[in-house]
Structures are given as structure tokens and as C-alpha cells.
Amino acid sequence: MNSVILSKTYIEPPFCEKEILRYAGCRGEREEISVLLKECIDEVKDKLAYKVCYRELSIKTVGVTCDFEVFSVHSEKLARNLKGCEKVILFAATVGVEIDRLIGKYGRLSPTKALLFQAIGAERIEALCDAFCADIKKEYNTGLEPRFSPGYGDLPLSAQKNIFAVLDPERRIGLTLNSSLLMSPSKSVTAFVGLGNTEKTSSNKCSLCEKTDCTLRGV
Amino acid sequence: MNFKDYLKNHIVYLDGGIGTLLQAGGLKPGEYPERWNLSHHDVIIDIHKAYFDAGSNIVCTNTFGANCLKFADDELEQIIKAAVANAKKAREQSVQKGEKFIALDIGPSGKLLKPLGDLDFEDAVNVFSKTVKFGVKYGVDLIIIETMNDSYETKAALLAAKENSNLPVIVSNAYGEDGKLMTGASPAAMVAMLEGMGADAIGANCSLGPRQLRGVAEELLQKASVPVILKPNAGLPKSINGKTVFDVTVDEFSDEVAALVKKGVRVVGGCCGTTPEYIASLYSKTSELAPVPIADKKITVVSSYTHAIEFGESPILIGERINPTGKKRFKQALLENDIDYILSEGVNQQEKGVHILDVNVGLPDIDEVQMLKNTVCELQAIIDLPLQIDTSNIAAMEEALRRYNGKAMINSVNGKRESMEAIFPLVKKYGGLVVALTLDENGIPDTAQGRVKIAENILKVANKYGIDKKDIIFDTLAMTISADNKAAVATLSSLKTIKNELGCHTSLGVSNISFGLPNRDAVNGTFFALALQNGLSAAIMNPYSVDMMKTYYAYRALKGLDENCAEYIGSAESFVVTVTSVAAAAPKTTEEYSSELQHAVIKGFKDKAGELTKNLLSSVDPLEIVNNEIIPALNIVGDGFEKKTVYLPQLLMSAEAAKSAFEVIKASMSGKEKAGTKGVIVIATVYGDIHDIGKNIVKLLLENYGFDVVDLGKDVPPEIIAKTAIKLRAPLVGLSALMTTTVPAMEETIKLLREKAPWCKIVVGGAVLTKEYADKIGADKYAKDAMESVRYAEEIINGGKE
């Protein structure tokens, strides 16, 4: 088993306004919102950190148990996701505290901007995860399973404790776990990515999700 | 020799990395290294001994994560006891002849402090205090606080060390590639705060290799008047055949660090990836060097959680608007606990260009201790300017200084014995730059001579408390010339003497000079210019005053402080008179809306809605504006949202525009009898949950529709919600929860409300809730969005009369 925890820092991925608007609950263009969104993007540009720490783990799935050697979790959905994989990348990613500060600031001053920064944060962390996974795909020269995080399907949030114990993200990327098992900074992701299977990643990630009544569901 | 004495005249060698060595020794992923103090003490002793043998003067105990968040108290004590014993044993076994000290190692708690995370500041102090007490009990020589990536947590740890020991404390932070801490502090800001609190050495460790940390080390050397620490990583970790390998070699490492020792770094070692070999090489390259003496940099400075503000040639502007004196609207905000209004005063002043915010929230009818503490916490959550804590209530001062994330300005002390005895111990303990008023038991001397004499006495007494003159800034008291036409002369002349002869910085509350006169701005602006010429370093002033800002920019341009007059030119545009701006900027009303104001609200033009309302108020009754303009506009948008032709951000933009119109109306009616409201609604995000965007949206809309909303904030315990509902006999309570894990807290709150406030209806909302869930936990209503909350409130409070 590879025991090395590695870190990567990314340059700012391009902003996708359409995706941000989707997170903000807009299904179409509205000029006054676009103007405000541009203002928000200008304010947040170059202010965020894009950091990931990760390590390679081996995986054996037995029934609903996913055994990563250093810890194991019970999740039927994750077991299905990782079926046939021998290795996974476990990673933690964050865009840092500044986005939380902006959300907090405008929460007091302008709820519209708070909503937009919230949406920007969601888009940013997804963009970071995409950039990281694209890297891994290239480095390992392999297909990837869709990334799978605690809270997806039947994978409990308590798996965060295991993940934090083996990734040391507090020290590596400044990511901490709250007693509620949510993370601070809030725009952060931890996930398993199965390596070496045939490509299942769809261009429409929503199609993999079972929550069909989700308001954010892409068409 | 004791550590502090040794530090004065020596280069001090710390140890190197321990984690990589433990992994090589078999530490498993996820296993706590601190437990190895007990289970593998031989391995730990060997590592410590190897460092002492390599030349380390300080070995840090293997207690990086030893805190009561990770370990139960009993185990924590056993771990620290064993860790200290291991280090002592290594010291006995080492053959090295030099001085050997044992430092209690304190790393980050692993939690982020509020408001970014969920660990309360005082809880953090308690966590570190436990570790410190055990360290003291088992006999360490000093404390090292290291790898902290957040200034607030660093402050909590240093405070814990100071409050629970008399040991020397050295403090080292983890800076990122941008040269700042993860939460934003610059090296200069950290120096200001940590020196103010009495750290014995300050520095940088971890995260990067020595080359990447060079800039940080140089900035620390430039600013710090205490020894600088450098303890870098051996570069970045790489994976080679499944093993961790760091990319900076022993030689490169010791060369880089040695170069910085020559520049003045005095406490050196290694962090992740370094081994005894690294330390031995560093020792051999530097042990013959003469240590660079530590010089007092004589910097007068305050800091926020991001940056430091130095007092010098360029005038410092201190915004005076967070203060209820003479401001009805502000008083109202304080009485209503309307923190948002106070925050917007802060943000507006920042946009005007002030460097520091004065914070005064004293009012006879409020609990100032609580209010000041809250205001400071709220301000520093969203504004990165240093704060000047302004109160005569000593308990409030202490609470605010304790919670302040940086080195604050303290307003104020004066020449009275009682004042100095109360304030100076706080300055010494928490750090700070204290404003000293030149008055004493006999009042304010009329002459400059008298005021200077008081200043001299203040300096003498401060010195006894160990407070240097660089941390005192004198205010020679501007008093109105309308009462005494020699008042300005005495103020200016004492200012000049204090600056030139005592070598101290000065500050004035400029606006006082014109009290009782017409067109005060003109007098203030001119007095400001005179004061600057006489050596004024900082002014407590109104940044909305065009005359004051003109003087500021013009003075800097004239003094050669503004390259190419760039800032003056930039500011000049904003001083152009804009009488016709509203009329000119407003496009013609679109025919489909009945008025410009309606159009502004519907389109969400916030500033315009406010200005149009202001204009309308001269001819139209406020209630008419509300009923005939704002409410119909809101209804159009609200209906659109329900029909899904208007999106959430649009709904919010309109709500904000309406709010800005309401704000104008509120200000015009301030002090007068209030228009009837529809009833009080209490809202909160439930205990354990820190998400409040949804709750804030609901609040905004409810207020728009004329409800009085008492917002208890986020993470609110059930008891507080119930207590408030009873106190206000609220007909409706709104609860928000975002996480499945906090829905039980919502259920508990509902139960308590049913018991204590049975009349009260409860509406719930939030991402994880559904109608079924809401029914299950006993809510009266599940609202899927903010509009539905408004409709329900109307139904409950107006009995569906709408």
C-alpha cells in the first residue's frame, strides 16, 4: 500500500456562470442577475485557495463492506460504486476560508449576494474536484469511477472521521471537521474515487443521482 | 542557564521532524503518534536523543496533537507525563555538551474557531490550558506553540500558555505559498499581535521548504523586536515507490537556513521531512556565527486578523461612526440589537477609506459588556480592518480585547491613577496600542505645558507596567473653539511637543473642535490640516465628511506621500458635486410599472430605491409610499416567484431594494411614533447548525411584508428560543435547519416551545426538511421557500385577512 499523503495546489479554474446560476436557482438568463454575478465573481477572483490532499488506498469489497485496509466502511452504494476496483484515491479538497467570509459578510449585508457567493462556492469546489480528478486520470492513465462522498446514498457522514484520520487534512490543507461532521471551510469535499474501471463518468453527473426531485437537478 | 537568558546571546537550535521518523518506525495511518509516548517510549527517546546529539538545544515533546479534544483527560495527562519523561531521558543520555531545553509542544487543536468553524474562542483557550497545565506539572522548560495556521487559534493558545504558566513561550505559524496564514494573517500582523501579548520568539514553520519561506522570514526579521524562529520542511513530499521522500536535500536545506541565520534568524530547526542529519548539517554551518543582536524596531502598530497598520508619516484615519453619541438611528439599532445596521456602518466606512474602526456601543440601557463583545466578534467576522475598542467600562474593555483577533487600539487611558491602574494591566496582557488622554485628577490643563507634563507622567507609569512608549499614542484633546477661542492653539502646541520631544505618536478626535458652530465640516477640515502639520499621526474622524477626506488626500499629495498624486486624483472624482445624479441616472420609467420606485424595487435597484424614496418623502406620506409603491411592487415579484417566472436571486434583489426604501423611511421616522407593525416573529437556525442563508432570506422577506422579526441568529439553543418566544409572546416562531444531524435539535426546540409557549405556531424550513419530516417532528407548517413563510405568517398573524 502506498502510505504517502500528497498535496496539490491548483491555479484558479475558469468560472462557469451557467453552473453558478443553476446552483443559485436560476434556470434562465436575467440581465440584472448577470450584472450582480459579475460583480461577485470580480470580488472573489484570485482570493480563493485551491488545495487538495490525497492518498492511494487499496480496496476490497465484501458484500456491503468496503475494506480500505486502514479502515473499512459499510455502504452498499459505495461498494457498488467501487466494484471491480483494486485501488481508490481518497482525497480532501477545499477552496479555503475566504468564500465563507464573503458568504458570512453578505449574509449580513445583502442576502442576494450571499446566495450568489454560496452558489459560486459550490461551483468552485466542484471545479476543483474536476481538475483534480482529471489530473489523477492522466497520472494513472485510467478510467475513474464517479467520486463518492460521505452523505451520498447510504455512506454515513461518520465516515468523515476515518477519512480525516488518514488524510491529515487539518495540517495539509487547513480543512477541519466540526462536531456535526460537516467541514470548515464549508466549500470542501472529501471523496473516494475508484481507479481502473471502465469509464462511467457521464457528462451529466446528475443522471447518476437517485434524488430525482432535487431542485438543482440538471436536465 | 534559563532559556530566556540563553536566547539573548545565542543561536538556538530546535529539533527536526518527528512524523516521518515515526512512520519509518511503524506508525500506522490514522494512528495517534502521541500514544507512542506510552507504547513505544524507546523509539521516542531515541529520536529525541538523536536530535540533542545533532546539536539541538531544544527538543519538542511528542505532544503536537495532545489535547482534550482528541484524548480523555486521564489519557491526556498520561501522554504528556510520558512525553516529558521521554524527552528528559533523552537529555540525560545525550552526549552533546550544549544547553538542552525541553519544550512542551502545542500544535493546532484540529478545529477551526468560530465563526469560520465550530470551536468557541474560550473553549479553545480551555483546550490549550489543559495541555499547558500538564506540561507545567511535569516540568518542561518552555512552551512552543507551532504550525498554527489561524491567528485566532494562535491567540487562544498563547493566552492559555500565559494564563497557566510563567514559562517562556515561543510561537511559530504555518504560512502558505502566498506568505500568509490560511485564515489570512500576514507575518507583520502576527508579529504585532504576538509581541503585544508577550511571546518570547516569533516565527514560521512547516508547510514549505526554506526557500519558499525566505520572504516570510525576512518580513518577520524586519518587523519583530524579539528573536525570529524558522523551522521549515525539507521541501515538499513526493511519493517514490510508495515511500515519502522530501525534495530538499540536507545540504540545500542547511545552506538556505544558514543564509537566513546570517540575516538575523535566531531560533532554527526543521519540520516535516527533516531528520537529525539536517539539524547536524545546519549546526555545523552556523554554530560558529556570531548571533545577530536583537534590535527594538520601535514600530507603533495595530493589527487585524489579516494585516498590520503602522503609524508613521502617513496619517491614519480612524472611522468614528460606530458610536451612538448624537445619532438617533444608531441608538435605535443598539436598543433593538440590530447588529446588521452596525455592521453596515463599518462596511461603509471601510469603503470610504478609513484604516481603523472605532467601536463604541455604550448606552445606559444596554448590557455593554455583552454588546461590545458581540459587536467586536461580528465586525471581525466580516471586516478586516483593525478595531479601536472605545469604552469606559473596564469589564467590557477586557472582554472585547480578549476576543479581538489581533492587536487592538484601546480608547482610552488618562493620567488619573485609577484609569492607569485599570487599563495598563489589560494592555500588558492582551497587547494593544493605547490612546492616552492628557488629562488627570485636576482636569484638562489649559496650557500645552500642563498637558505635556501629564503625558510624561503617563509614560513613566506605563513603563512600570512594562509598556513601552511605542504602545502609547497621545490625544491632547480637541475642544470646541466656540467655547474658548484659544482651545485649538493649546491642543496643537501640546501635540507638537509630544511628537517632537517625547517622540510619541498622537491622535485627536478632530470633530470636537467645531462643536456648536455652523458648517462644522469647514472648521474640521482646516483643523485637521493644521494638526497634521503639527505632527498628528491619527485622527478619529467622520469619513463621510468631504472636507476631512479632501484634507487627507491633499495632505498626502503635498507631503510627497502619494506617488504621482495617484490617490488624490482617484479621490477627486468622488468629490465632484452630484446634485443631479438621481434624476440623471434614473432611466425613464417603463410604462408597465406605475412609478419609478415600483420599477426600482421590481428590478432590484437597491441604491435607486433608497434615493427615490428619499425624494418622495418630501411630498408623500411614508405610509402611502409603503402601501401604494413598495408593497404592490413586492407583490408583483412575490407572485412571479410563486409562478416560477421570477427566480430566487431576483426575489432577493427586490427584497433588498425594498429594504433600502424601508431603511430610508425608518430613518425619517426615527424617534417618532412607529407605524403599526403586524406582530413579532422569532426566527433562528437551530442548535448545532451554522447555516443561515435560508433563515436570512426569510427574515428579509418577512420584514419587507411589515413583520417585526427578532432574529436569534444561528446555532441557537432551544432554551433561548423558548425564552424569547415567551418574553415577546410571539405568535409565530420560524426554525431553520440544513442538516439531517440538526433536525433532532429542531424537534427538541419544538417540544420545548409546545411546553412553554403553547400559543405559539411554528413554521420550519431548510434543505433537509420535507412536509412529512416537519409533521413528524410536530411543526405546524413546513414552508418550502421564503414566500411560503410570508404567506403563512400573514395567515397566522392577520388571520388570513390579506
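Only one entry in A:E17, A:E29, A:E69 is among the charged types (D, E, K, R), open to solvent by 10 Å² or more (accessible area, probe 1.4 Å), closer than 30 Å to A:N141 by Cβ and within 14 Å of chain B (Cβ to nearest Cβ), namely A:E69. Checking B:P744 against (1) open to solvent by 20 Å² or more (accessible area, probe 1.4 Å); (2) at the interface with chain A (Cβ under 10 Å from one of its Cβ atoms); (3) at negative phi; (4) out of contact with any helix residue (DSSP H, G or I) (no Cβ under 9 Å at 6 or more places or on another chain), only one condition comes out false. Which one? Failed condition: (2). Please work out if B:G198 is within 14 Å of chain A (Cβ to nearest Cβ), part of a loop (DSSP other than H, G, I, E, B) and within 24 Å of B:K297 (Cα to Cα). Spelling it out, it is not the case that B:G198 is within 14 Å of chain A (Cβ to nearest Cβ), part of a loop (DSSP other than H, G, I, E, B) and within 24 Å of B:K297 (Cα to Cα). Of the set (1) within 12 Å of chain A (Cβ to nearest Cβ); (2) under 38 Å from the mean Cα position of the chain (by Cα), all apply to B:T645 but (2).
A search for C-beta distances below 6 Å between a residue of the range B:234-258 that is within 9 Å of another protein chain (Cβ to nearest Cβ) and within 23 Å of A:K8 (Cα to Cα) and any residue that is charged (D, E, K, R) and surrounded by fewer than 20 Cβ atoms within 10 Å (Cβ to Cβ), counting only pairs 6+ apart in sequence or on different chains, returns B:L236/B:D247; B:K238/B:D247; B:V245/B:K238. Just so you know, in the range B:695-724 the residues that are part of a loop (DSSP other than H, G, I, E, B) and within 21 Å of A:L181 (Cα to Cα) include one that is least open to solvent (accessible area, probe 1.4 Å), and it is B:G713. Please determine whether any residue of the range B:173-184 is assigned by TED's automatic domain parsing to the domain that holds B:L14 and assigned to a helix (DSSP H, G or I). No: zero hits. Of all the listed residues (B:D105, B:D118, B:D123), the sole one being closer than 16 Å to B:E34 by Cα and either among the hydrophobic types (A, V, I, L, M, F, W, C) or within 14 Å of chain A (Cβ to nearest Cβ) (or both) is B:D105.
Take the residues in the range A:32-48 that are within 12 Å of another protein chain (Cβ to nearest Cβ) and open to solvent by less than 40 Å² (accessible area, probe 1.4 Å); name whichever of them is nearest to A:L167 (Cα to Cα). Across the range A:32-48, the extreme among qualifying residues is A:L48. For the range B:674-694, the condition of being at pLDDT below 90, open to solvent by less than 20 Å² (accessible area, probe 1.4 Å) and charged (D, E, K, R) holds for at least one residue.
The numbered conditions (1) surrounded by 21 or more Cβ atoms within 10 Å (Cβ to Cβ); (2) small (G, A, S); (3) under 39 Å from the mean Cα position of the chain (by Cα) are all true for B:A54 except (3).
Just name the residue that is nearest to the other protein chains (Cβ to nearest Cβ) out of those in the range B:330-355 that are hydrophobic (A, V, I, L, M, F, W, C) and farther than 21 Å from B:G570 by Cα. The residue in question is B:L343. Is one or more of the residues making up the range B:123-132 without any contact (Cβ under 8 Å) to a residue 24 or more places away in the chain, open to solvent by 40 Å² or more (accessible area, probe 1.4 Å) and farther than 23 Å from B:L230 by Cα? Yes, some residue in the range B:123-132 is without any contact (Cβ under 8 Å) to a residue 24 or more places away in the chain, open to solvent by 40 Å² or more (accessible area, probe 1.4 Å) and farther than 23 Å from B:L230 by Cα. Exactly one residue among B:G184, B:G176 is within 14 Å of chain A (Cβ to nearest Cβ), in contact (Cβ under 8 Å) with a residue 24 or more places away in the chain, of a type in the set (G, A, S) and at positive phi, and that residue is B:G184. Take the conditions at pLDDT 90 or above and open to solvent by 50 Å² or more (accessible area, probe 1.4 Å) and apply them to A:N178. Does it pass? It is false that A:N178 is at pLDDT 90 or above and open to solvent by 50 Å² or more (accessible area, probe 1.4 Å).
Screening the range B:1-102 for helices (runs of 4 or more DSSP H) wholly inside it with 1 or more residues that are more than 19 Å from B:P227 (Cβ to Cβ) returns the ranges B:19-24, B:36-39, B:41-54, B:73-93. For the subset of the range B:358-387 comprising residues that are open to solvent by 20 Å² or more (accessible area, probe 1.4 Å) and in a loop (DSSP other than H, G, I, E, B), which member is farthest from the other protein chains (Cβ to nearest Cβ)? The selected residue is B:P364. Restricting the range A:123-151 to residues that are within 13 Å of chain B (Cβ to nearest Cβ) and open to solvent by 20 Å² or more (accessible area, probe 1.4 Å) leaves a set whose member that is nearest to A:K187 (Cα to Cα) is A:G151.
Of A:L48, A:L90, A:L128, all but one fail to be under 29 Å from B:L112 (Cα atoms), of a type in the set (A, V, I, L, M) and in a helix (DSSP H, G or I); the exception is A:L128. Look at (1) modelled with pLDDT of 95 or more; (2) at the interface with chain B (Cβ under 10 Å from one of its Cβ atoms); (3) touching a strand residue (DSSP E or B) at 6+ places or on another chain (Cβ under 8 Å) and you find that A:L102 fails only one, number (3).
Looking at the range B:503-553, which of the residues that are assigned to a helix (DSSP H, G or I) and without any contact (Cβ under 8 Å) to a residue 24 or more places away in the chain is surrounded by the most Cβ atoms within 10 Å (Cβ to Cβ)? That would be B:Y553. Among the residues of the range B:448-501, write down those that are in a helix (DSSP H, G or I), among the acidic types (D, E) and open to solvent by less than 40 Å² (accessible area, probe 1.4 Å). Across the range B:448-501, the qualifying residue is only B:D471.
Restricting A:S202, A:S207 to residues that are more than 24 Å from B:C206 (Cβ to Cβ), at pLDDT below 90, more than 14 Å from chain B (Cβ to nearest Cβ) and open to solvent by 50 Å² or more (accessible area, probe 1.4 Å) narrows the list to A:S207.
Between B:R214, B:R321, the distinction of being assigned by TED's automatic domain parsing to the domain that holds B:F474 and modelled with pLDDT of 95 or more belongs to B:R321 only. Filtering the range B:161-173 down to residues that are of a type in the set (A, V, I, L, M) and surrounded by 24 or more Cβ atoms within 10 Å (Cβ to Cβ), which residue is nearest to the other protein chains (Cβ to nearest Cβ)? It comes out as B:V171. None of B:F3, B:F52, B:F71 is among the hydrophobic types (A, V, I, L, M, F, W, C), without any contact (Cβ under 8 Å) to a residue 60 or more places away in the chain and under 25 Å from B:E288 (Cα atoms) except B:F52. When you look at B:K328, is it modelled with pLDDT under 95 and of a type in the set (D, E, K, R), yes or no? Yes. Applying the criterion of being surrounded by fewer than 23 Cβ atoms within 10 Å (Cβ to Cβ) and among the small types (G, A, S) to the residues of the range B:221-249, the residue that is farthest from B:V301 (Cα to Cα) is B:G242.
The values are calculated or read from the model by the stated rules, or taken from the named source; none is laboratory data. No experiment lies behind these values; they were computed from the predicted model shown. Note that we place each Cβ from the backbone using ideal geometry, even for glycine, and neighbour counts take in every protein chain shown. Heavy atoms of the whole protein, side chains included, go into the accessibility calculation; ligands, DNA and RNA do not. Shrake-Rupley method; radii C 1.70, N 1.55, O 1.52, S 1.80 Å.
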